[in-house]
């Protein structure tokens, strides 16, 4: 019987080795960490005391990615986050294929890619589409998606569907698992969008990046990436649902009304989590 | 009376190196010939023979291509292969449990 036990132990070793060899998450952690830390450059703001009459009531083409007030270039901020997600996703896919060619073993990134695209669609398409449908369907609809009677049922139904799809996909493999995770990510984004509509911090891109990292951690079976992804998700939810600048104010760093400083304070913790995760991943790979 | 666990062992899969190939392939989207050769400490000819058996049984897919001028052979596990591996591992575990219980 020791032969069978030894065989099972050998197979376990082979699986662990292949898993370690195909893990390549340091690159996406550094990439998204750097892009998040660079983002405040785009957040130039109006001076409310001298330029207030110039402030337009426009959040650009991606309102989910821009805070509602005082931004000089909301289009720039919106496009920065849209390109960060799409470009970051493309570069991550390229990196995994490149690394597979060098090392001979490849991680399947179809599921994280599908989850990220679905979360992006959930944020970008659902809100405007649903508002348009309501306006078309009801004469007395005031165009406000943030009416509790409208979006609270959507929040709970979408959250329930996300959980159901997530649990279902946990017991599947291959394409059905990919599809299940994509559906879960889409409804999670719809649920968060329905909740986040009460807040206008404009950091939905962080939630999409969090979904990408958690899906990547699942396919990589990486404890480090899971811990980093969970921490990052916590920070992403916090900056979307709470005024993080208040914490820094209590620590003695007052942002005033400067949106660039507010963006630095909001994005610094998220960027640091990813960069530190990337450093730990590199150190572990070199051991 | 329940079946003896050895009845669950497959003639095609129940071979140390083929189990190793399937285990590595199941862990990845696809794996390259030279990676398998090195990980399993096999000669090219030996590995080719095992791969042929597994591909013929429908447990693996094989894809030949080039990386620049270098020829590369990639293998990936099929749904049937994943199922066969899971059944084999379950049978081996049942065997160990039966004899140590």
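Values in this text are rule-based calculations from the coordinates and carry no lab data. Note that the structure is a prediction, hence the values are computed from the model and not measured. Every residue, glycine among them, receives a Cβ derived from its backbone with ideal geometry; neighbour counts consider all protein chains shown.
As a proxy for reagent exposure, B:30, A:287 were ordered by neighbouring Cβ count within 10 angstrom, fewest first; the result is A:287, B:30. Taking all Cα pairs closer than 8 Å and separated by 6 or more residues, the relative contact order of region A:27-285 comes to 28 percent.
Counting only alpha carbon atoms, the long axis of helix B:16-27 and the longest principal axis of chain B meet at about 70°.
Approximating the spin labels as points 7 Å out from Cα along Cα→Cβ, the residue A:6-to-residue B:73 distance works out to 2.8 nm.
Give the angle, between 0 and 90 degrees and rounded to the nearest 10, that separates the Cα long axis of helix A:204-220 from the longest principal axis of the Cα atoms of chain A. Approximately 10 degrees, to the nearest 10. Between A:210, A:34, A:119, the Gaussian network model of chain A with springs among Cα atoms under 10 angstrom shows the greatest mean-square fluctuation at A:34. Suppose R0 equals 35 Å. What FRET efficiency, 1/(1 + (r/R0)^6) with r the Cβ-Cβ distance, do residue B:94 and residue A:221 give to the nearest 0.05? Between residue B:94 and residue A:221 the formula returns 0.90. Rounded to the nearest 10 degrees, the angle from helix A:259-286 to the longest Cα principal axis of chain A is 0 degrees. Would region A:172-287 count as rounded, prolate or oblate if I go by the C-alpha gyration tensor, calling it rounded below 1.5 in a/c and otherwise prolate when a/b exceeds b/c, oblate otherwise? Judged from the Cα gyration tensor, region A:172-287 comes out oblate (a/c at least 1.5, b/c at or above a/b). Between A:28, A:148, A:112, the Gaussian network model of chain A with springs among Cα atoms under 10 angstrom shows the greatest mean-square fluctuation at A:148.
The label-point distance for residue A:172 and residue B:12, in a model that sets each label 7 Å from Cα toward Cβ, rounds to 2.6 nm.
Fully extending the segment from residue A:103 to residue A:286, taken as 0.36 nm per residue of separation minus the present Cα-Cα distance, adds 64.4 nm.
Using R0 = 35 Å, the C-beta based FRET efficiency linking residue B:62 and residue A:125 works out to 0.30.
Per residue of the protein assembly as shown, what 222 nm ellipticity follows from adding -39500 (n - 2.57) for every DSSP H run with n ≥ 4, rounded to the nearest 500? Don't skip to the end; give the middle numbers.
Numbers: 15 runs with 262 residues, N = 388.
Dividing the helical sum by the residues of the protein assembly as shown leaves -22500 deg cm²/dmol.
Evaluated at q = 0.08 Å⁻¹, the base-10 log of the normalised Debye intensity for region A:27-285, with identical point scatterers placed on the Cα atoms, takes the values -0.34.
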